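Note sheet for the following structure.
What follows is calculated from the coordinates using simple rules that are stated; it is not laboratory data. Since we're looking at a predicted model, the values are computed, not measured. Every residue, glycine among them, receives a Cβ derived from its backbone with ideal geometry; neighbour counts consider all protein chains shown.
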Amino acid sequence: MSDRILRIDMTSGSTVFEPVPEAWAGLGGRGLTSAIVAAEVPPTCHPLGKNNKLVFAPGLLSGTRAANSGRLSAGAKSPLTGTIKESNAGGTSARMLALMGIKAIIIEGMPEEKKLFGIHVTHDSARIVETDMAGAGNFSVVEKLSGEEGGKAGVISIGPAGEMAMPSANISVKDPQGRVRSLGRGGLGAVMGSKGIKYLSIDPSDAPGISYADENAFKEASKVFAKALTEHPVSGEGLPTYGTNVLLNVLHEAGGLPTRNFRTGSFDGHEGISGETMHARIEERGGEGRVRHSCHPGCVIQCSQVYPDKNGKVKASGFEYESVWAMGANCGIDDLDALAEADHMLDDIGMDTIEFGVTMGVAMEAGILSFGDASGMLRILKEEVTKGSPLGRLVGAGAECLGKAYGMRRVPTVKGQSIPAYDPRSVKGMGITYATSTMGADHTAGYTVTSNILNVGGMVDPLKKEGQVELSRNLQIATAAIDSTGLCLFVAFPVLDIPESFNAIVDMLNARFGLSLTGDDVSALGTSILKTEREFNRKAGFTEAADRLPEFFSEETLPPHNTIWDFSDAEVDAFWEF
Amino acid sequence: MEIGVRLFAGFRKERFRESAMAWEAGMTPRSIAGLLKIPMEEVGIIFVNGRHADPDLPLLAGDVLSLFPVVGGG
Ligand code: SF4
């Protein structure tokens, strides 16, 4: 059976399976969500109106035996940035949709009455039902649906933040243990909420499964690929053993750890929230804690972990560097248990941890609470955000909006999205990525930390300007392509160093679809995705003038290296010369 | 000559987190790693005073050397 697109119209309540248009046949993941948004969403539409569309797509390799191929992409026009948006996460749904032969789900229109719905999807049907789960947190939604539909059902849901259409609301995807992973950035949860959808439940029974043009060739290539993942020192050893939060001490030592709303590049309380402390605590507390955990079936890297409380019960899972940094160092908080509690609450409320942490940093600078006030932060989550009070709404609107409301000048955002965990003054390649990414400030879009800090894929001095534009450009192109395959971005560590692993990805694509792509075609795919996204942004009103970092980065030096952001506008704009 | 040495992740096991002790003159990141029985092929990142450094950089009194195993994240 050939793949189809499921189109759900929330205005009329109709659902239909459509054949895949020729132009989209070779696309998946981000490539497909961005192509659909660019083709069908008017760039000037209101992100929360009936003309915006929310698109889900598994990657080209999702559902196959390829390791780490279960990432799900979601795309729309972002209510946070006003640009095109793609966000991806693990969980069990991408694999299921691929096995069901559903290449994408397009959700369009919006219901006339303010009601809340769930959508039940099987391989040949989609049913829209009214739900009484208004106000429920993601964990109870997942639990309830897993009970009703059998524990194996996939769940994609929003929490109260999405229902309230907060611009920092995310979308949760159920993971193999019934906890959640997040389609985190850019407020896609608000788009889902604006369409009156609380959840999608995915029932893969009777799914036709994956067909291969050449199954043996696929098997061979997937073995080469998995071998590279387990043999490369970062993906085979570093990531699984220490998790992503090992970066906290790395960035602290490098002087690139944004601290107390980007005042300094190192944090005196770093040991309290470091990966080393997290690792020791997980081992010491035992119980349900796990040093290794995978966000989707088929991940051989297992960078994630489960962080237990004092009694060994799960406190937070998928408690990653970005979240620990945003609410920790950036807010002057060194209490890991408090951060775990906030992380867990944010998963339940359905809000992006990076946007929340950076917003809190701005709130602390504005004097709403003081730096280091962990209980104040938890109170704001519990009493204000969850309840949708005026302050809660302001926090949920993100750093740029809260900064404006309080007359703040030092607000670390690009295109309205908060800058993540690497200061652009001392990890300069990341500054180029933040400035130029079609998504607003996003570290995953072109992760120059590899060459700037980790010595993977060559070395480019993080404190100098030389080589950063080219590095960011190459990585952004490669990332757009990888984001289309459904592969987790961490496969980039071996791909940057071991040529056979890149060839194996090309071979897998060819064996799955009966193509004869070369490496150059894959880079061309990345290039064309970036250009499609940029063209959407241009039509939405974004010029080069939006590709800029906030002014304070060029005016305030960052200790300890006392560097500033010193790229000229022309140097940044040269990024797009390809 | 006093040199600060900071170790991270698995390198701390059965060693230390941070030390400020006197070393002979002419030390380099490589020679200190050797004396601490850390195989160079396990070292992923070497910082001296927060900047990337060559394993054979001669260290000066007051320098801070940070050694990380091969790690990643994002
Ligand atoms: S390496 Fe981490 S992010 Fe990637 S698939 Fe595995 S658990 Fe998920």
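For region A:271-398, just list the percent of Cα-Cα distances falling in each 10 Å bin from zero outward, please.
13, 44, 31, 11, 1
Going down the table (A:Lys144/A:Lys198; A:Lys198/A:Lys415; A:Lys114/A:Lys174; A:Lys50/A:Lys103), which pairs top 20 Å between alpha carbons?
A:Lys198/A:Lys415; A:Lys114/A:Lys174; A:Lys50/A:Lys103
Taking region B:2-69, how much of its Cα-Cα pair set, in percent, is spaced more than 16 angstrom apart?
36 percent
Could the peptides A:45-51, A:186-192, A:429-435, A:298-304 be put in order, highest first, of the mean number of other beta-carbon atoms found within 10 Å of their residues?
Highest to lowest by the protection proxy: A:186-192, A:429-435, A:298-304, A:45-51.
Would you mind ranking A:Leu378, A:Leu549 by Cβ crowding within 10 Å, fewest neighbours first?
Ranking A:Leu378, A:Leu549 by Cβ neighbours within 10 Å, fewest first, gives A:Leu378, A:Leu549.
I'd like the mean, over residues of A:453-464, of how many other protein chain beta carbons sit within 10 Å of each residue's own Cβ.
3
Could you work out the longest stretch of chain B that avoids the GluC sites (Glu not before Pro) located in DSSP loops with at most 12 other Cβ atoms within 10 Å?
By the stated rule (loop sites, at most 12 other Cβ atoms within 10 Å), B:25-74.
Dipole of region A:4-202, Cα-centred, from +1 at each Lys and Arg C-beta and -1 at each Asp and Glu C-beta, to the nearest 20 debye?
Rounded to the nearest 20 debye, it is 540 debye.
Once the Cα gyration tensor of region A:46-142 is found, what semi-axes does its equivalent ellipsoid get, as square roots of 5 times the eigenvalues, in whole Å, sorted largest first?
Whole-Å semi-axes of the equivalent ellipsoid: 24, 18, 14.
Restricting the calculation to Cα positions, tell me the Rg (one decimal) and the Dmax (whole number) of region A:219-278 in Å.
In Å, with Rg to one decimal and Dmax whole: 16.0, 51.
Taking the Cα atoms of region A:4-202, report the difference between the largest and smallest coordinate on each principal axis, in whole Å and largest first.
On the principal axes, region A:4-202 reaches 40, 40, 29 Å in Cα extent.
In whole Hz and in residue order, list the ³J(HN,Hα) couplings for region A:325-333 that follow from phi through the Karplus curve 6.51 cos²θ - 1.76 cosθ + 1.60, θ = phi - 60°; x for Gly and Pro.
Once θ is set to phi - 60°, the couplings for region A:325-333 become 5, 4, 8, x, 3, 5, 10, x, 9 Hz.
Between region A:433-452 and region A:208-233, what is the separation of their alpha carbon centroids in Å?
29 Å
Hey, fewest Cβ within 10 Å first, where do A:Leu369, B:Leu59 land in order?
Arranged by neighbour count, lowest to highest, A:Leu369, B:Leu59 become A:Leu369, B:Leu59.
Give me the one-decimal Kirkwood hydrodynamic radius in Å for region A:494-578, with the sum taken over alpha-carbon pairs.
Evaluated over region A:494-578, this radius sits at 16.5 Å.
Taking the alpha carbon gyration tensor of the protein assembly as shown, what are the square roots of 5 times its eigenvalues, largest first, to the nearest whole Å?
Largest first, the protein assembly as shown gives 37, 28, 24 Å.
Say a site is exposed when it is one of the GluC sites (Glu not before Pro), sits in a DSSP loop, and has at most 12 other Cβ atoms within 10 Å; what is then the longest site-free stretch of chain A?
In short, A:114-465.
Determine the shielding of peptide B:57-70 by partner chains: average, over its residues, the number of Cβ atoms on other chains within 10 angstrom of each Cβ.
What the average comes to for B:57-70 is 3.
How large is log10 I(q)/I(0) at q = 0.09, 0.11, 0.12, 0.17 Å⁻¹ when the Debye formula is applied to the Cα atoms of region A:342-467, each weighted equally and without solvent?
-0.30, -0.43, -0.51, -0.88
By count of other Cβ within 10 Å, fewest leading, how are A:Asp175, A:Asp423, A:Asp497 ordered?
Fewest-to-most ranking of A:Asp175, A:Asp423, A:Asp497: A:Asp497, A:Asp175, A:Asp423.
Is region A:424-494 best put as rounded, prolate or oblate by its Cα gyration tensor, with a ≥ b ≥ c the root eigenvalues, rounded for a/c under 1.5, and otherwise prolate when a/b is larger than b/c, oblate when not?
Here region A:424-494 falls in the oblate category.
Give the residue list of trypsin sites (Lys or Arg not before Pro) in region A:470-562 that are DSSP loop and have at most 16 other beta-carbon atoms within 10 angstrom.
none
Quick one: compute the contact order of chain A, relative version, from alpha carbon pairs under 8 angstrom and 6+ residues apart, as a percent.
About 16 percent, as a whole number.
Return the whole-Å distance between the Cα centroid of region B:50-74 and the Cα centroid of region A:63-111.
What the calculation gives is 41 Å, centre to centre.
About the Cα centre of chain A, what is the dipole size in debye to 20, counting +1 per Lys and Arg Cβ and -1 per Asp and Glu Cβ, all else neutral?
Here the size comes out at about 940 debye.
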